[in-house]
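Take a look at the structure below.
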Amino acid sequence: MKIVTWNINGIRTFRGGIKKALDSLGADIICVQETKVTRDLLDERTAIVDGYNSYFSYSRGRSGYSGVATYCKDSATPFAAEEGLTGLLTNHEGAVGCYGDHTEFSSEELQLLDNEGRAVITQHRIMCQNKVQTVTVINVYCPRADPEKPERKQFKLQFYKLLQYRAEAILKDGSFVIVLGDVNTSHRPIDHCDPSDIDDFGENPGRKWLNGFLHSDKPEEDKNEEEPDEESEISETDPTHGGKFVDTFRYFHPTRTNAFTCWSTLTGARQTNYGTRIDYIFADCQLAKDQFLGADIMPEVEGSDHCPVWGQLSCPLLPSSKPPPICTRYLPEFAGKQQKLSRFLVKVDQKSVQSERRDVLLGSQEEEERRENLNPIRAGNVSGKKRVLTSDSVVPKGKKTKTVNTSSKPQGSLLSFFKPKLTNAVPPTEEPVRQCEKVLSLDEMTPTQNSQKASTTRENVSSVADGLPEDTEPIFEGSTQMCTSSTTETCDKQVKTKHSTPQPSVGHSNSNKGASLVFWKSVLHGPPPPPSCKVHGEPCVLRTVKKEGPNMGKQFFVCARPQGHSSNPEARCNFFAWVEKGK
C-alpha cells in the first residue's frame, strides 16, 4: 500500500491531464489539498477519473479558496467516507463516525471549523498478519495563522484540537489512523530553513501542539539516520513521550537536513532550497512500527509551491465492492440522473433564502440535494453543468455585467486632462481628421476609468503622444463629441489649437514640438531605472509594499536573485533601496 499527500495549490496543477498526474505518483491513495474548487466549479473531468474514485470537500464561504480531495484507485476503494471533522456535514449511510468530545467547542465554532473545506476522511480495509483490519485516512489542510488577522491564530489552534480529538477517537474505536496533509507548521528547527530568524521558535503554539500530538523518543542527536532505533520502543502508553502518532518521515530520516516541502514562489526560494517542511504523513504508533516500510519527500516534482510526500506500507488494501455515498460519481450532475421539473419552477421567497444563507452552514452533499429541492433558486450555484438552465434575459446574481452607454453625452479623452481648453478651431484638413480617429480609438475612457488605470496606461498613452505627426498638436476636450467618422465637420468640433488666430496644424516650429515632448515626458514618465545590487552588480527588481501600515503602496528595489540563506553566495544579497518620491 502506498499513500501520497500533496498541496497542489489549485486543481489547475493537473492541467496536463489529471489521470496522467495521478498515475505518475504511483500511489493507491492520493490526498491533495488547496484544490481551490467549489462544487459549482467542479467539472466532470476532474471529479471522475478513470480507474479512481474521488471524495471532495469544498469551501462554503469563499470561492477559489481552500478545499481538499482524496483520490483512491479502484483497487483501494474505501468502505466509508465523509466530509469534515465535526460530523455536521454527514447525513448519509457509510459515514466514518467516532467524533470525539466536543464539549470544549460551541456549536458556532464547530460550524465554522468545517465551513472551509479542510478535511476528507476515508476508511479502508487492509490485510495485516492474515487478519482484516481497518485503516482510516484523514486528509487535512490546516489553517494558516495570518499574522495580520489575530482571530485566525485561535481558529488554527481550535482546528488542531478538533483534529486531535477526532483522530484519537477513531484510534480508540479500534482502527489504525493516518493523518496527512498540509499542517502549516514546521515542527522542529531542523524542519525550517532559518529557525534563528524566528523569535521563540519553540514557543509557537502550533509547535507546542505538535509536541503533544506526536510521540517522541530519544533526542535527535542520538538517532541514526540510516535505521530507526529499534531499542527505542514506540509505545502509545508511555506518558513521558507524549502523543499517539509518529511523524513517519522523521521516523525513517531522523537527522536529515534541508528536507523541505514548501518554498515561497514570490522570492524564487525553491532554487536555493530555502523552505520549510510543513507537509506530513502521521501514523499511529502501532501502524508506523509494524507496517510502514518507508516515507520520504519528492522535491523533484514541480507544479506547485509544495512537493508531494509519500509513505509505503507492507499491508495490502482490500477494496470495497461499492464506493460510499459521498463519492463524486454519485453526484446528480455527474450520475446522469434526470432532475425534477419542480426544481426549476417553484417560486421561492428571496428574503428567506438570503437569511438561510447567512445563518445556516450548508450540510453534506446529500443534505444540499434536499435543500435544492426545496429552494431551487439556490441550485444554480450548487449544482453542476447538467442542471443549469441559461437564458439571455437572466443575469446570475452577484455577477457584474457590461453595460452600453446609450446616452448622447460623449465620453472624454485622456488628453483633455493635460491641456487647457481653448476655443479657436483649426481649419479642417485631412491630417487632423485621421489623427483624431487614431487617438480617440485608443483613449475612449471615462474620467473615472482614467484615474483608476493611470498606472497601467502610461506606456500606451506615451506611445500615442510619440506617434503624433511632427507638426500636429491636437488637443481634445472631454465634453466634445467623439470622432467616429472621417468628415472634416466632425473633426472641426474636436481639434483645437493654442493660437488666437486660425492656422493650419501643419507647419509648427521645432520649438513647439520640443516643448510638447518635454511636457509629455514630465507627465508620463516611466518607472525609474533599476540600480545594481552591491554584491552581485546585477540590476535589481522593483517591489511594492502590500502590507498595511505607513509604507503601504511605496516601492523599493531589492536584489533580483532568489531568496536563500545568508551564507549562500548564490542567494539574494541584502541590498534594499526605497524609490524616491517624484522619480
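Structure above, values below:
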item: Residues Asn130 and Asn204, FRET efficiency given R0 of 35 Å [Cβ-Cβ distance, rounded to 0.05]; result: 0.20
item: Stretch gain in nm, segment Asn258-Arg45, where the contour uses 0.36 nm per residue and the Cα spacing is subtracted; result: 73.0 nm
item: Extension gain (nm, one decimal) between Asp101 and Val545, 0.36 nm per residue minus Cα-Cα; result: 155.4 nm
item: Lys554 long-range amide H proximity, modeled H, under 5 Å; result: Val545
item: Potential lengthening between Lys521 and Asp290 on full extension [0.36 nm per residue; Cα-Cα distance subtracted]; result: 75.8 nm
item: Solution diffusion estimate, µm²/s, Stokes-Einstein, region 526-578, Kirkwood Rh from C-alpha pairs, 37 °C, viscosity 0.692 mPa s; result: 276 µm²/s
item: Amide proton proximity set for Ser66, modelled H, under 5 Å, gap of 5+; result: Lys36
item: Whole-Å semi-axes of the ellipsoid equivalent to region 1-150 (Cα gyration tensor, √5λ, descending); result: 25, 22, 13
item: R0 of 41 Å, Cβ-Cβ distance Ser24-Glu580: FRET efficiency to nearest 0.05; result: 0.25
item: Efficiency of FRET from Cβ geometry, Glu108 and Gln555, R₀ 51 Å, rounded to 0.05; result: 0.75
item: Long pairs among Lys156/Lys554; Lys172/Lys289; Lys20/Lys244; Lys19/Lys131; Lys2/Lys208; Lys149/Lys208, criterion Cα-Cα beyond 25 Å; result: Lys156/Lys554; Lys20/Lys244; Lys19/Lys131; Lys2/Lys208
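The numbers here are math on the coordinates, done by the rules we state, and not lab data. In this text the structure is predicted, and so the values were computed from the model without any measurement. Methodologically, a virtual Cβ is constructed for each residue, glycine included, from the backbone with ideal geometry; neighbour enumeration extends over all protein chains shown.
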